[in-house]
Amino acid sequence: MRRVAITGLGAVSALGVGVPAFWDGLVSGRSGVREITRVQAQELNRPIAAEVPDFDPALWVPGDRLSLLDRFAQFGLAAAIEAYRDSGLTVSGEACDRAGVSIGTGLGGATAEDEAYERIYKNNAARIHPFTIPRLMYNAATAHIGMQLGLRGPSLCYSTACAASTHAIGEAGEIIRSGRADVMMAGGADAPITLGVMRAWDAMRILAPIPAGGPAMACRPFSRDRQGLVIGEGAAVVVLEEWERARARGARIYAELAGYGATADAGHITQPGIDAPVRAMQIALAQAGLPPEAVGYVNAHGTGTPLNDSTETTIIKRVFGSHAERLAVSSTKSMHGHAMGASGALELVATVLAVCRGVLPPTINYTVPDPECDLDYVPNEARERDVRAAMSNSFAFGGLNAVLAVTRVA
């Protein structure tokens, strides 16, 4: 079976545009959660979100195409271009037929959809924008990345809620392992901060309120005083490349995508299970050839809801046994928010950099230990640690689980 190298990284997040801003925000423990600007605050009960600041799509999207792209596709294209440049990759000629795209999204063109519905239902408009369908379709980011980079290989879109980009990356790795492609641009993008989407999440009563300390302290994974999740937006894309191809061209290899596990609870539509996520982690470990004790860090799904965080703690204990006591676990959602289908990709970038640079991003806003969440969550401050193998978890609504394992280059 062919090996998969990670040779390029790109990110757009509430911590800033680009991987340097993303990583700097993580290791400094800086929150990207702030008062919402994309929706008027008086329209919402929970007027906070992890919005991407200072994003100029014109820097990434050709002018003649800009009107075709919803905000989520703009994010996806920006992250893909950064990753492609970072990889030093050049794909041309027949090689384009063996290079593809795999992007996950939870909600696709939510902004375009919201604007269209406002015109129809509120303003009684007779016509809406003629590019509404190209903007809102879920595969728009995939298509625009492929067109921009000239990639003609397998090009796919996954929509499995907040596991979407983890599935997209994992399945892209399988495509390379099986020999169907040599290069895959893989990741996720979402821009769900619209009135309709925020109202829908608020109706579920799982969004965090604004605490006394301000919006930056709202997302508190694994802390006993956690009160809910914070919606975010953004994108992340990684370049996956067949190992020997990457070595032959002298590419910098950040890490190896060594394992991938995907399972389904086949249970409750919103409440997380235990057995199936455990199996997903075990499958990823088995594919990577890693014993549990070889893993030094887990980037948790860690949404900040009471049930999710205690359940994930139980899952990790089941997988790692006594090693769980020595394992470092953190939730970077505490800083970049829950970016829906983009979350898994952002968290994989964080995991890869943790392995490469020997620094573990923290779980910020951890204030009160919870007896039901009794692992080492790297509270509040980044930590230097030599980690050779790490995992990233995504456990989505619908009981759809995806886990990635990465190992450091020897």
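The values are calculated or read from the model by the stated rules, or taken from the named source; none is laboratory data. All of these numbers come straight from a predicted model, not from anything done at the bench. Cβ atoms come from the backbone with ideal geometry, glycine included; neighbour counts cover every protein chain shown.
Answer with yes or no whether residue 221 is surrounded by fewer than 23 Cβ atoms within 10 Å (Cβ to Cβ) and either of a type in the set (Gly, Ala, Ser) or assigned by TED's automatic domain parsing to the domain that holds residue 9 (or both).
So residue 221 fails the test.
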Would you check if there is a residue in segment 389-405 being part of a loop (DSSP other than H, G, I, E, B), among the aliphatic types (A, V, I, L, M) and assigned by TED's automatic domain parsing to the domain that holds residue 308?
-> no
Residues that are more than 30 Å from residue 109 (Cβ to Cβ), touching a Lys or Arg at 6+ places or on another chain (Cβ under 7 Å) and part of a helix (DSSP H, G or I), drawn from segment 316-350 = 324
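Among the residues of segment 119-141, how many are in a helix (DSSP H, G or I) and either within 17 Å of residue 233 (Cα to Cα) or touching a Leu at 6+ places or on another chain (Cβ under 8 Å) (or both)?
As a first pass, look at segment 119-141 and keep what is in a helix (DSSP H, G or I): 119-122, 132-136, 140-141.
Of the ones still in play, those that are also either within 17 Å of residue 233 (Cα to Cα) or touching a Leu at 6+ places or on another chain (Cβ under 8 Å) (or both) are 134-136, 140-141.
The qualifying residues number 5.
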Looking at (1) surrounded by fewer than 22 Cβ atoms within 10 Å (Cβ to Cβ); (2) in a loop (DSSP other than H, G, I, E, B), which is the one condition that is false for residue 108?
-> (1)
Just to be sure, is residue 212 part of a loop (DSSP other than H, G, I, E, B), aliphatic (A, V, I, L, M), more than 21 Å from the chain's Cα centre (by Cα) and within 22 Å of residue 30 (Cα to Cα)?
-> yes
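Looking at 313, 263, 303 in this structure, which one is outside the structural domain of residue 12 (by TED's automatic domain parsing) and in a loop (DSSP other than H, G, I, E, B)?
303
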Options 200, 186, 168: the member that is outside any helix (DSSP H, G or I) and either of a type in the set (Gly, Ala, Ser) or in the same structural domain as residue 122 (by TED's automatic domain parsing) (or both) = 186
For segment 257-281, enumerate the residues that are of a type in the set (A, V, I, L, M) and closer than 21 Å to residue 354 by Cβ.
-> 257, 258, 280, 281
Out of (1) under 18 Å from the mean Cα position of the chain (by Cα); (2) closer than 27 Å to residue 14 by Cα, the odd one out for residue 277 is which?
-> (2)
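Results for (1) surrounded by fewer than 17 Cβ atoms within 10 Å (Cβ to Cβ); (2) in contact (Cβ under 8 Å) with a residue 24 or more places away in the chain, shown as yes or no for each residue.
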{"residue": "12", "(1), (2)": "no, yes"}
{"residue": "27", "(1), (2)": "no, yes"}
{"residue": "45", "(1), (2)": "yes, yes"}
{"residue": "58", "(1), (2)": "yes, no"}
